[in-house]
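Notes follow the structure.
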Amino acid sequence: MTASSSLPTVFSGAQPTGQLTLGNYMGALRTWVRMQQDYSCIFCVVDLHALTVRQDPQQLRENIFELTALYLACGIDPERSIIFLQSHVPAHSELAWFLSTFTQMGELERMTQFKDKAQQHQQNINAALFTYPVLMAADILLYQTHKVPVGEDQKQHLELTRDVAIRFNGLYGPVFRVPEPLIGNDGVARVKDLQEPSKKMSKSALSELARVMLLDEPDAIVKKFKKAVTDTLGVIQYDEVNQPGVANLLNIWCAATGNSREQALSHFAHNQYGKLKMETAEAVNALLQPIRSRFLQLNSDRGQLQELLLRGAEQARAQARQTMDQVRSVLGLPKAFQ
Ligand code: TYM
């Protein structure tokens, strides 16, 4: 089964900018894996997006294969879903150009991710960093996507994607499906930084203690949770405002064990933070250990990963072409293919 089946289409992707964090997994990849049952899924390794920040070429190539192996290790099944590399399908950049003529500067200036990244990379505030959300809109609209499972940090980009699609359709007729974001409401749509729990857990945090990586060794995971910042109140209750560190640990424990928030509160009632930290570390280790061992196996066969990406790109190109033919036609551009 591929994304050309009659099931509704899911599209999502992650940047090959180093290993994934627990946030990437809980906020996005885990949902992708589940969605394969009921949707025709397309999962992209978005290397063009990664280029908006200067990358070491060798490291980038390495990261691309590692991320592909991680997709598989997490449970993305290439027999069911399309897995491909964004730069292998030139229609992404092509459609991004067309869509950039329907996107206003003011809309892009409002994007909080651009503001954050411009702050982080002051030496290289390039034009692509600014137009990043247009490329993201192209990724999604190219495949007539129904649903886009992402973490909360991508919400604004999804809203822009919808606005651009609606604007384009308003001018030229129903060329694009207007996609729905799928953002969890279970507290892990934004897994927090373990050291500064008011922020999201991010690959780019300065302290390694701030983030759990999917391939961290069990001991490292225990250490990171033990050192997680909490507060001095000393009660385990769910209060995101006054106890963001504790709320984050509870959310992670729930997501890792499948328990509800109420169950978490009764499980940890009258306990100290140390127990919450240890049990969360153990639950995360139980979740990540099988992924880590599958990854080590998959990542050793680069030939197979390369082949898989090429096959995925072929499938993606075939679908993308249908949308591109329509876009060219409504814009008044003569056909590019027979
Ligand atoms: P990226 O690579 O930053 O992250 C991949 C996915 O992980 C989610 N995520 C989180 N979820 C919960 N808690 C966190 N702390 C956390 N950190 C990251 C992100 O929301 C994302 O879903 N621009 C996108 C990639 C992209 C894309 C697309 C996604 C490009 N084109 C089209 C969907 C559709 C990004 O940089 O994700």
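The values are calculated or read from the model by the stated rules, or taken from the named source; none is laboratory data. The structure presented is a predicted model; accordingly, all values stated were derived computationally and were not measured. Glycine gets a Cβ as well: all are built from the backbone with ideal geometry, and neighbour counts include every protein chain shown. Heavy atoms of the whole protein, side chains included, go into the accessibility calculation; ligands, DNA and RNA do not. Shrake-Rupley method; radii C 1.70, N 1.55, O 1.52, S 1.80 Å.
If I filter region 5-24 down to residues being among the hydroxyl-bearing types (Ser, Thr, Tyr) and more than 8 Å from the chain's Cα centre (by Cα), which single residue comes out as farthest from Leu70 (Cα to Cα)? Residue satisfying both the conditions and the ranking: Ser6. Among the candidates Lys275, Lys335, the residue that is open to solvent by 60 Å² or more (accessible area, probe 1.4 Å), charged (D, E, K, R) and either modelled with pLDDT under 95 or touching a Gly at 6+ places or on another chain (Cβ under 9 Å) (or both) is uniquely Lys335.
Answer yes or no as to whether Lys275 is over 29 Å from Lys147 (Cβ atoms), part of a helix (DSSP H, G or I), within 16 Å of the ligand (Cβ to nearest atom) and among the charged types (D, E, K, R).
Numbers: over 29 Å from Lys147 (Cβ atoms): yes; part of a helix (DSSP H, G or I): yes; within 16 Å of the ligand (Cβ to nearest atom): no; among the charged types (D, E, K, R): yes.
So Lys275 fails the test.
Considering only residues in region 185-221 that are in contact with a helix residue (DSSP H, G or I) (Cβ under 8 Å, 6 or more places away or on another chain) and hydroxyl-bearing (Ser, Thr, Tyr), the one that is nearest to the ligand (Cβ to nearest atom) turns out to be Ser202.
Specify the residue that is nearest to Tyr25 (Cα to Cα); the eligible residues are those in region 292-323 that are of a type in the set (Lys, Arg) and touching a helix residue (DSSP H, G or I) at 6+ places or on another chain (Cβ under 9 Å).
Start the filter on region 292-323 by keeping residues that are of a type in the set (Lys, Arg), which leaves 292, 294, 302, 311, 317, 321.
Next, only the ones that are touching a helix residue (DSSP H, G or I) at 6+ places or on another chain (Cβ under 9 Å) stay: 292, 294, 302, 317, 321.
On the way: Arg292: 13, Arg294: 15, Arg302: 23, Arg317: 27, Arg321: 31 Å.
Taking the candidates together, the pick is Arg292.
For region 117-129, name all the residues that are open to solvent by 50 Å² or more (accessible area, probe 1.4 Å) and either among the aliphatic types (A, V, I, L, M) or assigned to a helix (DSSP H, G or I) (or both).
Step one: list which residues in region 117-129 are open to solvent by 50 Å² or more (accessible area, probe 1.4 Å), which gives 119-123, 125, 127.
Listed by number, the residues that qualify are Gln119, Gln120, Ile125, Ala127.
Only a single criterion out of (1) touching a residue at least 40 places away in the same chain (Cβ under 8 Å); (2) under 20 Å from Ile291 (Cβ atoms); (3) polar (S, T, N, Q) is not satisfied by Gln37, namely (1).
Restricting attention to region 130-184 and to residues that are small (Gly, Ala, Ser) and more than 10 Å from the ligand (Cβ to nearest atom), the residue that is most open to solvent (accessible area, probe 1.4 Å) turns out to be Gly170.
Kindly indicate whether Val229 is part of a loop (DSSP other than H, G, I, E, B), within 16 Å of the ligand (Cβ to nearest atom) and at pLDDT below 95.
Numbers: part of a loop (DSSP other than H, G, I, E, B): yes; within 16 Å of the ligand (Cβ to nearest atom): yes; at pLDDT below 95: no.
So Val229 fails the test.
In the set Arg302, Arg261, only one residue is within 26 Å of the chain's Cα centre (by Cα), within 30 Å of Asp47 (Cβ to Cβ) and not polar (S, T, N, Q); that residue is Arg302. For the condition within 17 Å of Ile76 (Cβ to Cβ) and surrounded by 17 or more Cβ atoms within 10 Å (Cβ to Cβ), Ala264 does not qualify.
Among residues that are within 30 Å of Leu99 (Cα to Cα) and either part of a loop (DSSP other than H, G, I, E, B) or open to solvent by less than 20 Å² (accessible area, probe 1.4 Å) (or both), Thr280 is not included. Of all the residues in region 148-186, those that are touching a His at 6+ places or on another chain (Cβ under 8 Å) and among the charged types (D, E, K, R) number 2.
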